Amino acid sequence: MKKVDIRINVNGDWYELSVSPGDRLIDVLRDQLDLTGAKEGCGEGECGSCTVNLNGQAVLSCLVLAAQADGGTILTIEGLQKGPEPHPLQKAFVSESAIQCGYCTPGMIMAANALINNKTELTENSIRKHLSNSLCRCTGYDRPVKAVLKAAKDLKEDINA
Amino acid sequence: MPESPIAVGKALQRIDSVDKVTGSAKYAADIKQENMLHAKLLRSPHAHAKVKRIDTSAAEKLAGVRAFATIFDVPKVIEYWFSLRTEEKKKQMFLRDNLVRFIGDPVVAVAADDQATADKALSLIKVEYEPLKALHDPYTAMAEKNIKIHSRGNVAFKANKVYGDIHEGFKNADIIIDNTYRTSKQKHAALEPFGTCIAHYQSNGKLTVHSSTQLPHWSRHYLAGALELPLNKVRVIKPHTGGSFGGRCGLIHGLEVMCSWLSRQTGRPVRMSFTRDEDFMATESRHPMNIKMKTGATRDGILIANEVEIVSDVGGYGTHYIGVIADCLSTGVGLYKIPNYSFTGTAVFTNKSPGGALRGYGNPQMNFAQESQIDIIAEKLRMDPLDLRLKNYRKLGEIDPVLDQEILSNGLQECLEKGAASSGWKQKRRQLPIKGAKKRGIGLSIMLHGTGAGKALPDPAAATVMINADGSVNLVTAAADEGQGNRTVLAQIASETLGIDFDKISVSETDTETTPLDCGTHGSRQAYGGGLAVRAAATEAREKLLAYASNKLGVNEDQLRIKDGAIFETTNSENIILISDLMRQIQIEDMSVCEQVIGSATGVAPAMPGYYGAIFAEVEVDIETGEVKVLKLTSAFDVGRAINPDLVEGQITGGAVMGMGFALTEDLLVQDGHILNSSFTDYRLLRTCDAPEIVPIIVESNEPTGPYGAKGIGEGCMVNVASALSNAIWHATGVRLADLPMTPESILLELAKDEMT
């Protein structure tokens, strides 16, 4: 099958890749770039484990064709941390014990990252609504919601400081 | 003066959290190996059929196709580790035949250079089937005389047990409640689909399998048995796992054995990954049960008779069907002191996807029925359901007749009291339901669950603790962490026992090659059984450490204390040596010694202590739509001692929501053997916006046989959510539901019945 050449920015670096027309973004990230943080939980956009940010928006990388992402800027869990310190979302998921098996965690954090970057005011309700795209079978959701609230607050304080 | 704990009872950060938030934690599907092949399964489209012929000739011609493994060659593992006990039983574990027993049963596996080639190869394979009559429900299967799903017949297992005199019991009862309950085919729905492994059979005759199993060591036994290899030629490595909930309590049907077979033929690593659809269609689920229960009580609220008849739908293959029935018996009889108790449990094969272990084992099914019955009795006797339970539960010091052991810790009363106070039980129970379409109610239920397997199953645990020359510690254990955090808990126990700080403890990978025999993670056992092994190993290491220190410091061991990385004389803190200095001296510096301080333990836990819980559920039911909104769950659980309260609370909140799913939305719908809802679109898991306020309450009863008083939590916290919710729905609406899940349709139907009467 004919390949498609694409150019994508992933976690700050540009990549020129040759992909099959049917390759999904998750396949390219995991198989070609060895970025296995985004997980496949269902392959049909229902569980949110594969969530990454594309041009600042949360997308389900199992529903985006790699060719559609051509020219785009992608952020995955591996690129979230800038510098020696983990990102406030990562820190909050640790400090709030919002992790159990961890399989949904990268997707949930990336969904929350887009939410925080795109919205100024976050309430527990708006977080619950937004994170409803991410299934979690372990935590009962309470702690991930608290972690996102905490991270949003910490980030706001950072900006104000 | 007792020393204050350094690790036990503290909400310490789990050891894998940073790996999990940065994306660096590797799960089975994240592992790549050089020269790796990709395998796919061709599955049966028939619920019951004989495979007459498999023609792979066209697929063989496809470039990149490397090997096939068929149902004719590769044995299935059809029993669990109880059968490892004797050679005779072990032989019955492995079944090689030509029958498929459910839609999705593996028929042939193909290994190819890539996924696409494997998929293409599957489409070229021709299978000739002779369809057989499919038996879709257990009653049909029991009545059927000519068609046998397994050669020994369709009844997989039958248990009969009587305590006291059931007829006498009912004769003395003032009130008798008789109902039939039906429970659903719940799926584990772990976020990492069941079924990814990488098998590599190397030229030296050694098989290495990466698999997300809960039971690495038993999986090694199963693979060795199925492939006829010596145990020391099989290595099972468990990477990070995306949730298990009982569904990885052994090998996955058609996965590891098929994959290993393909690798043995090719000498190359082979990876097989099931899709979500395959996970739903062809891996284990909770046994649906029909539970007929007749309960008798005196008018002053003494439970005196309970007659239970369970029919459990095993599906096409068994594994845990005996244990699940046994668990119904032990949790039912164990929880209440009912002198006359008759129990019949029948596990029946049907042509459905296999039933298996799922968080709570048989307890969620049994508890839903029994706790509904108890609530109805309270209602009829106009008693507070809390008082009725307090009056009848089996108390501290009494003998559990099923397990034949004394109850040495029981915090149930405290669970009930704290839960009632926190939820405002007394006041809310008295409040009249709100007028209008939305009715509110509060209900409660209690539960008992066993920690570990006791004498029911072989339940070994082992650990090794090694103190290094710099004073750091390696803890070697096969305890499989599926996400609960049990490796963190075990590190806390090692730290506490040694007196060495938690951050100095490093926990081994979960690898059968380097770890001693451990039963695995099942039955809420790791903090207890695993913890006892770690404590024993750490105690041995501590004793050796103190013996060396005693020699160095010139005082007896009982005069020494360990603190902050040093050992010193209790009455003279200047007589001190750093553990790192002492260890370097004896391991390296003093060439006449060169001994590493190592403590090891292997053995079995002395008991199967019960842990207890009370859940108070508040609901709002819209009687126009039938919709149930869960407002709040207050879950009070007696865990003996919370080694890590943060992780215990994590279990309780997570279990609460999984229990809500079992109660309200989750059920695999099977029609003529076809699963109709094999996706997250159609199988409704609860999401963030469905989760209510959850108040976890930890009660510590200090189990004397447990490490630092600990017993279990993992399963129990989901067990009685459904019964608490059902009892709350009754309180809100007056409707009593006997079937799970309790859907809006079923509530409307019952409300309509009420109106007609």
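Structure data summary
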quantity: Where trypsin sites (Lys or Arg not before Pro) fall in DSSP loop in region B:61-156, at most 13 other Cβ within 10 Å; calculated: B:61, B:96, B:133, B:145, B:152
quantity: Region B:54-77 versus region B:203-242: alpha-carbon centroid distance in Å; calculated: 22 Å
quantity: Amide hydrogen neighbours beyond the local backbone of residue B:639, cut-off 5 Å, H modeled; calculated: B:699, B:701
quantity: Residue-count net charge about residue B:565 - beta-carbon cut-off 11 Å; Lys, Arg +1, Asp, Glu -1; calculated: -3
quantity: Nonlocal amide H pairs with residue B:740, under 5 Å, H built at 1.01 Å; calculated: B:182, B:183, B:184
quantity: Two-site FRET efficiency, residue B:292 against residue B:590, from Cβ-Cβ distance with R₀ of 56 Å, rounded to 0.05; calculated: 0.20
quantity: Tensor-based shape of chain B (alpha-carbon gyration tensor, a/c under 1.5 rounded, otherwise prolate or oblate); calculated: oblate
quantity: Calculated from backbone phi, Karplus (6.51, -1.76, 1.60) coupling profile of region B:407-421 in Hz, x at Gly/Pro; calculated: 7, 9, 8, 7, x, 5, 4, 5, 4, 5, 5, 5, x, 5, 5
quantity: Square roots of 5 times each gyration tensor eigenvalue, C-alpha, region B:460-604, largest first, Å; calculated: 29, 15, 12
quantity: Length added when fully stretched, residue B:556-residue B:115, from 0.36 nm per residue minus Cα-Cα; calculated: 152.2 nm
quantity: Global form of the protein assembly as shown, assessed from the alpha-carbon gyration tensor, a/c cut-off 1.5; calculated: rounded
quantity: Gap separating the Cα centres of region B:340-385 and region B:403-420, nearest whole Å; calculated: 20 Å
quantity: Length-normalised contact order for chain B - Cα pairs under 8 Å, 6+ apart - percent; calculated: 16 percent
quantity: Length added when fully stretched, residue B:676-residue B:390, from 0.36 nm per residue minus Cα-Cα; calculated: 98.7 nm
quantity: Degrees separating the helix A:142-160 axis from the principal Cα axis of chain A, which is the longest one; calculated: 90 degrees
quantity: Proximal lysines relative to residue A:146, as straight alpha-carbon distance under 21 Å, when same-chain residues fewer than 8 apart are discounted; calculated: A:91, A:119, A:129, A:156, B:10, B:20, B:632
quantity: Bins of 10 Å, starting at 0 and running to the largest distance - Cα pair percent for region B:636-703; calculated: 19, 36, 24, 16, 6, 0
quantity: Rounded to whole Hz, the Karplus (6.51, -1.76, 1.60) HN-Hα couplings of region A:31-41, x for glycine and proline; calculated: 8, 8, 9, 6, 9, 9, x, 6, 9, 9, x
quantity: Cβ neighbours within 10 Å from other chains - mean over A:127-136; calculated: 4
quantity: Residue-span extension gain [residue B:4 to residue B:756] - 0.36 nm each, minus C-alpha spacing; calculated: 264.3 nm
quantity: At R0 = 45 Å, FRET efficiency that the Cβ-Cβ distance of residue A:31 and residue B:87 yields, to 0.05; calculated: 0.50
quantity: In nm, spacing of pseudo-spin labels at residue B:160 and residue A:82 (7 Å Cα→C-beta vector); calculated: 7.4 nm
quantity: Cα centroid separation, region B:685-749 to region B:130-200 (Å); calculated: 23 Å
quantity: Relative contact order (%) - chain A, alpha-carbon pairs under 8 angstrom, separation at least six; calculated: 23 percent
quantity: Relative contact order %, region B:460-604, counting alpha carbon pairs below 8 Å whose residues are six or more apart; calculated: 35 percent
quantity: At most 13 other Cβ within 10 Å, DSSP loop - trypsin sites (Lys or Arg not before Pro), region B:269-368; calculated: B:299
quantity: Note, ³J(HN,Hα) from phi for region B:719-727, Karplus 6.51, -1.76, 1.60, rounded to Hz, x at Gly and Pro; calculated: 4, 9, 5, 4, 5, 4, 5, 4, 5
quantity: Rounded to 5, the percent of DSSP beta bridges in region B:460-604 classed as antiparallel; calculated: 85 percent
quantity: Equivalent ellipsoid semi-axes, region B:634-757, via Cα gyration tensor eigenvalues times 5, rooted, Å; calculated: 33, 19, 13
quantity: Proximal lysines to residue B:455, defined as alpha-carbon separation beneath 21 angstrom and excluding residues fewer than eight positions away on the same chain; calculated: B:89, B:90, B:158, B:161, B:711
quantity: Anchor residue B:753: aspartates and glutamates whose Cα lies under 13 Å away (excluding residues fewer than 8 positions away in-chain); calculated: B:745
quantity: Inter-chain shielding of A:46-54 (mean C-beta neighbours from other protein chains, 10 Å cut-off); calculated: 2
quantity: Label point distance in nm, residue B:62-residue B:35, each placed 7 Å from Cα along Cα→Cβ; calculated: 2.3 nm
quantity: Region B:494-591: chymotrypsin sites (Phe, Trp or Tyr not before Pro) falling in loop per DSSP and having at most 12 other Cβ within 10 Å; calculated: none
quantity: Listed pairs A:3/B:238; B:238/B:504; B:91/B:238 exceeding 32 Å between Cα atoms; calculated: A:3/B:238
quantity: Interchain or long-range residues, amide H under 5 Å from residue B:350's placed H; calculated: B:314, B:315, B:316
quantity: Prolate/oblate/rounded call for region B:119-262, Cα gyration tensor, a/c under 1.5 rounded; calculated: prolate
quantity: Sum of side-chain charges, residue B:687 neighbourhood, beta-carbon under 12 Å (Lys, Arg +1; Asp, Glu -1); calculated: +2
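Quick note: the coordinates plus some simple rules give every number you see, no bench work behind them. Quick caveat, the model's predicted, so the values are computed rather than measured. Cβ sites come from the backbone with ideal geometry, for glycine too, and all protein chains shown count toward neighbours.
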